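Student: Quick one: this structure, given as structure tokens, is what I'll be asking you about.
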Amino acid sequence: MKQQIAYPETRRVGKVETHFGQAVHDPYRWLENDARSDAEVVAWVQAQNRLTQDYLGTLPGRNVFRKRLSALFDHEQVTVPHERGGRYFYMRHSGLQDQAMLVMRDGVHGSARVLIDPNGWAKDGTTALAEWAASDDGSHVAYAVQQSGSDWRTIKVLVVDSNEMLQDQVEWARFTSIAWARNGAGFFYSRYPAAEPGASSLAGVANHAVYYHALGTAQSQDRLVYATPDQPNLLHLADVTEDGRYAVITSTPGPGANALAIIDLATADWQPRKLVENVDTEWLVFGNVATQLYALASLGAERKKIVTLDLADAAPAFKDIVPQQEAVLTNAWLLGGQLIASYLVDAKTEIRRYRLDGTPAGKVRLPGIGSAGGFQGRQQSAEAFFVFTSFNAPTTVYRHDLTDNTSTVWAAPDAGFDVDRIAVEQRFYTSKDGTRIPMFIVRRTDSTGPAPTLLYAYGGFGISMIPYYSPPQLAWVEQGGTLAIANIRGGGEYGKAWHDAGRLENKQNAFDDFIAAGEYLKAEGIASPDGLAIQGESNGGLLIGAVVNQRPDLFAAALPGVGVMDMLRYRRFTGGQLWVTDYGDPEQEAYFHRLHAYSPYHNISPGKNYPAILATTADTDDRVVPGHTFKYIAAVQAADIGDKWHLVRIETRAGHGAGKPMAKVIEEVADTWAFAAYWTGLEVRPQA
């Protein structure tokens, strides 16, 4: 019998609202207040964390996982290099340091020099280097600083040769790229208006816009390049073509659709020219040859195609050159005078080559079955770089010769793990409505029978769950547990139709797919009868909260991370308005009822025995504000849903995930894995 818990008392209020004839109770509304400044919320967070840490401290596997995770993370990791002016810029992480550094090599095989090391920026390691870009000649780097995991950014500029900082500083950047003008005189970025004095950091944001910052000037002089005040909820991102001729503006209300505008930077007025005005299809310009643009497009092609458009034409029209395939086109690059295209085939990567007119020119051979991409190179160079990874293949950077189509290792980590001990297979199972769903299963090669299993999925915003190397997941598998990753609807594994089948009025399909995955794992003797744990983060946290309410009997433990738990109020906070395209607007009656029907906070079922729950969030998360998780766990703890533990782990000075110090990552994973192991019966032993 597991030890029962006396939860901290959480104040209830009689908050009831009526929406479209439906009474909605919200007794924990006050937990939406700022977790860093509201005294009552701060006290509640401290009480919950004390309780959680007391109980996690009793788990026998916690220290074993912590030690092993430190070893598994303790290897150098680098990103694909960007060549600028003969210099190669890339990120490098030594393994256990809190934050990755920006490094430069003079020449592809030159000695490395650290340009920016954020590890000394904060005593607790919570200040990170986020977005960055080197100027075309490699003389300057503009980079964004991220504080405590927040989505807000401050952009600064480094002089590479002298390692000196310019006085330039850009504030209020958020959801931004950094794109240099070809002459290096300045860069494009995206920002929101400055917050009003006293405004909450959790308040909604609107009126995103693209600006140009000229070096040596104050931000107040920055040039407004593109905005849509009549559509305040669009995001606008800028890129500059390699030849420096055009700025490309992508405007989107959320993933999967965007408008497209072009600015001829050779003109004085920089007047935007709208190429696509409606936001019901997806467009991505990835290169140009003189006035001819190359782009990915989903118009009439739900799995996407490659098109061209000649800006010299009086009435330019897009022309198909690589039509839609059976596989899903995920990205493309114009490199070395040819087109390189990345496709998903049953959630695995295939890289195909095309001539500029779209005729096939073979494939890029990959080192195995997994995920490849992130190509970097120049349109007139025979050299390119890409990354390859899989569940049992540590992330490796390859240098690719575009002329003879060969690849060599440029940077490979010594992961300190025998990947031959890990077996990976892909299976297909049937969901509630008969749809065939793929699922990856990862386990030790000596695994012969049912085992405690961790089932993971996301299922939203067209994001695909593809194979990748994960020290946290390997730590689970190494102990004899099984990892299952389900490619449920709502993702992008099979194109727009797969995404559409799991969003808006079809969102229940994603939940049904996940539940069917759990049933399959048990029926096939993969998961032990009482040993299925489930995990998901962000939209995946919503997934976990929803399926636990719908099928609490199926799961032994649930790990919802930074989840969207109140589906009736999500759009009121920070960037929540951007999620309307996937969830629907709760202020519209048709969507309100659908959202209310599965909202995790509103559908907890007293009288049923729930799995053990360890929810995780962070006090600085301004993507999915922590109030979602606070309200949810308060309601769970107050409900009569059995005696298993229902806890929340609240990280301090951390956000949605990006920029989290390595020490905090290891502690959180050790806690969640130890919790899951305890409730699934996984015996955790020190590794030799």
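The values are calculated or read from the model by the stated rules, or taken from the named source; none is laboratory data. On a predicted model such as this, the values are computed, not experimentally measured, just so you know. Using ideal geometry, Cβ is built from the backbone for each residue, glycine included, and neighbour counts are taken over all protein chains shown. Just so you know, the surface numbers come from the protein's heavy atoms only, side chains and all, with ligands and any DNA or RNA stripped out. Shrake-Rupley method; radii C 1.70, N 1.55, O 1.52, S 1.80 Å.
Student: Give the shape of the range 584-688 as rounded, prolate or oblate, defined through the alpha-carbon gyration tensor: a ≥ b ≥ c are the square roots of its eigenvalues, a/c under 1.5 means rounded, and otherwise the shape is prolate if a/b is larger than b/c and oblate if not.
Tutor: Details: a/c = 2.59, a/b = 1.33, b/c = 1.94.
Cα axes put the range 584-688 in the oblate bin.
Student: Oh, and also: Placing unit charges on C-beta atoms (Lys and Arg positive, Asp and Glu negative, everything else neutral), compute the dipole magnitude of the chain about its Cα centre in debye, rounded to 20.
Tutor: 820
Student: Let me ask another. By what distance, in whole Å, do the Cα atoms of the range 40-133 stretch along each of the three principal axes, largest value first?
Tutor: Extents along the principal axes: 55, 34, 19 Å.
Student: At a Förster distance of 51 Å, what's the computed FRET efficiency of residue 194 paired with residue 380, Cβ-Cβ distance as r, to 0.05?
Tutor: 0.80
Student: Moving on to the next point. Counting alpha carbon pairs within less than 8 Å and at least 6 residues apart, what relative contact order, in whole percent, applies to the range 236-284? Let's see the in-between values first.
Tutor: Values: 95 pairs, mean separation 15.2, N = 49.
Dividing the mean separation by the residue count of the range 236-284 yields 31 percent.
Student: Separate question: I'd like the accessible area for residue 270: 1.4 Å probe, protein heavy atoms, all chains in place, Å² to the nearest 10.
Tutor: Near enough 40 Å² of accessible area.
Student: Report Rg (one decimal) and Dmax (nearest whole number) for the range 623-673, counting Cα atoms only, units Å.
Tutor: 13.1, 38
Student: Right, something else. With the Cα gyration tensor of the range 456-556 giving a ≥ b ≥ c as the square roots of its eigenvalues, does the rule (a/c under 1.5 for rounded; else a/b larger than b/c for prolate; else oblate) give rounded, prolate or oblate?
Tutor: The shape class here is oblate.
Student: Continuing with this model, one more query. Quickly estimate the mean residue ellipticity at 222 nm for the chain, helices only: each DSSP H run with n ≥ 4 gives -39500 (n - 2.57), and the total goes over all residues, rounded to 500.
Tutor: Value at 222 nm, helices only: -5000 deg cm²/dmol.
Student: Determine the gain in length on full extension of the stretch residue 420-residue 166; use 0.36 nm per residue of separation and subtract their C-alpha separation, reporting nm with one decimal.
Tutor: Taking 0.36 nm per residue and subtracting the Cα distance, the gain is 86.5 nm.
Student: Stretch residue 363-residue 223 to full length: gain in nm at 0.36 nm per residue minus the Cα-Cα span?
Tutor: 46.1 nm
Student: Amide H of residue 654: which non-local residues (sequence gap of 5 or more, or other chain) have their own amide H closer than 5 Å, using H built in the peptide plane?
Tutor: So residue 654 has HN proximity to 619, 620.
Student: Considering the options 39, 614, 576, tell which one lies farthest towards the positive end of the dipole of the chain, charges being +1 on Lys and Arg and -1 on Asp and Glu at the Cβ, about the Cα centre.
Tutor: About the Cα centre, the residue reaching furthest to the positive side is 614.
Student: Hey, can you rank 548-557, 487-496, 396-405 by average C-beta count inside 10 Å, highest first?
Tutor: 487-496, 548-557, 396-405
Student: Just to check, using Stokes-Einstein with a Kirkwood Rh over alpha carbon pairs, what's the diffusion coefficient of the range 516-664 at 20 °C and 1.002 mPa s in µm²/s?
Tutor: Diffusion coefficient, whole number: 135 µm²/s.
Student: Then there is this: I need the Kirkwood Rh of the range 387-444: take the reciprocal of the average 1/r across all distinct C-alpha pairs and report it in angstrom.
Tutor: 14.3
Student: Additional query: At a probe size of 1.4 Å, how large is the accessible area of residue 111, to the nearest 10 Å²?
Tutor: 100
Student: Give the long-range amide H neighbours of residue 537: residues separated by 5 or more places, or on another chain, with amide H under 5 Å away, using H modelled in the peptide plane at 1.01 Å from N.
Tutor: Distant-sequence amide H within range of residue 537: 561.
Student: Answer with a single label: of [x] 254; [y] 193; [z] 158, which was calculated as volume of the Cα convex hull per residue in Å³ from the structure in view?
Tutor: Among [x] 254; [y] 193; [z] 158, the one calculated here is [z].
Student: Distance from the Cα centre of the range 339-392 to that of the range 596-635, in angstrom?
Tutor: That distance is 40 Å.
Student: In whole Hz, with x marking every Gly and Pro, tabulate ³J(HN,Hα) for the range 501-508 from phi via Karplus 6.51 cos²θ - 1.76 cosθ + 1.60, θ = phi - 60°.
Tutor: Once θ is set to phi - 60°, the couplings for the range 501-508 become 6, x, 9, 6, 5, 9, 4, 4 Hz.
Student: Another question about this same structure. For the range 80-168, with equal point scatterers placed on the C-alpha atoms only and solvent neglected, what are the log10 I(q)/I(0) values from the Debye formula at q = 0.14 1/Å, to two decimals?
Tutor: -0.48
Student: If packing is taken as the mean number of other Cβ atoms within 10 Å per residue, what is the order of 431-437, 652-658, highest first?
Tutor: Details: 431-437: 14.1, 652-658: 20.0.
Taking the mean over residues of other Cβ atoms within 10 Å, the ranking is 652-658, 431-437.
Student: Same structure again: Residue farthest toward the positive end of the dipole of the range 381-423, with Cβ of Lys/Arg at +1 and Asp/Glu at -1: which of 422, 397, 381?
Tutor: Toward the positive end, the furthest listed residue is 422.
Student: Bin width 10 Å, origin at 0, all Cα-Cα pairs of the range 420-477: what percent of pairs per bin?
Tutor: 17, 50, 29, 5
Student: Turning to a different aspect of this structure: Would you kindly derive the ³J(HN,Hα) couplings of the range 608-616 from the backbone phi angles with the Karplus curve 6.51 cos²θ - 1.76 cosθ + 1.60 (θ = phi - 60°), listing them in order in whole Hz, with x for Gly and Pro?
Tutor: Those phi angles translate into 9, 8, 8, x, 5, 10, 10, 8, 10 Hz.
Student: Projecting each Cα onto the charge dipole of the range 573-679 (Lys/Arg +1, Asp/Glu -1 at the beta carbon, about the Cα centre), which of 602, 669, 628 comes out farthest on the positive side?
Tutor: 669
Student: Also, quick follow-up: Quick one: 3J(HN,Hα) in Hz for the range 214-228, Karplus 6.51/-1.76/1.60 with θ = phi - 60°, rounded, Gly and Pro as x.
Tutor: 8, 4, x, 10, 6, 4, 4, 9, 4, 8, 5, 9, 7, 7, 9
Student: Mind checking which lysines have their C-alpha under 22 Å from residue 496, skipping anything on the same chain fewer than 8 residues away?
Tutor: Cα-Cα hits under 22 Å: 304, 305, 319, 348, 432, 507.
Student: Would you check the accessible area of residue 83, probe 1.4 Å, heavy atoms only, in square angstrom rounded to 10?
Tutor: It works out to around 50 Å².
Student: Another question, if that's okay. Which value, in Å², gives the accessible area per residue of the range 105-205 when a 1.4 Å probe is used on the protein heavy atoms?
Tutor: Accessible surface, normalised per residue, equals 43 Å².
Student: Pairs of Cα atoms under 8 Å, at least six residues apart: use those to get the relative contact order of the chain, whole percent. Intermediate results must be reported in sequence, preceding the final value.
Tutor: Numbers: 1694 pairs, mean separation 85.6, N = 688.
The normalised contact order for the chain reaches 12 percent.
Student: Same structure, new question: Once you keep just the Cα pairs under 8 angstrom separated by 6 or more residues, what percentage relative contact order results for the range 503-661?
Tutor: That works out to 22 percent.
Student: Can you order the peptides 234-240, 307-313, 386-392 by their average number of other Cβ atoms within 10 Å per residue, highest first?
Tutor: Ranking the peptides 234-240, 307-313, 386-392 by packing returns 386-392, 234-240, 307-313.
Student: Also, quick follow-up: How are the alpha carbon pair distances in the range 56-111 distributed across 5 Å bins from zero to the largest one, expressed in percent?
Tutor: Spelled out per bin, shortest first, that is 4, 17, 18, 15, 12, 10, 8, 6, 4, 4, 1, 0.
Student: If you don't mind, there's one more thing I want to ask. Just the number, please: Stokes-Einstein D of the range 231-388 in µm²/s, Kirkwood Rh from C-alpha pairs, 4 °C, 1.567 mPa s.
Tutor: After rounding, the answer is 79 µm²/s.
Student: By its C-alpha gyration tensor, with a ≥ b ≥ c as the square roots of the eigenvalues, how is the range 125-266 shaped: rounded for a/c under 1.5, else prolate for a/b larger than b/c, else oblate?
Tutor: Here the range 125-266 falls in the oblate category.
Student: Just how large is the dipole of the range 29-73 about the Cα centre, in debye to the nearest 20, putting +1 at every Lys and Arg Cβ and -1 at every Asp and Glu Cβ?
Tutor: About 460 debye.
Student: If you average the alpha carbon positions of the range 481-548 and of the range 649-688, how far apart do those two centres end up, in angstrom?
Tutor: After rounding, the separation between the Cα centres reads 21 Å.
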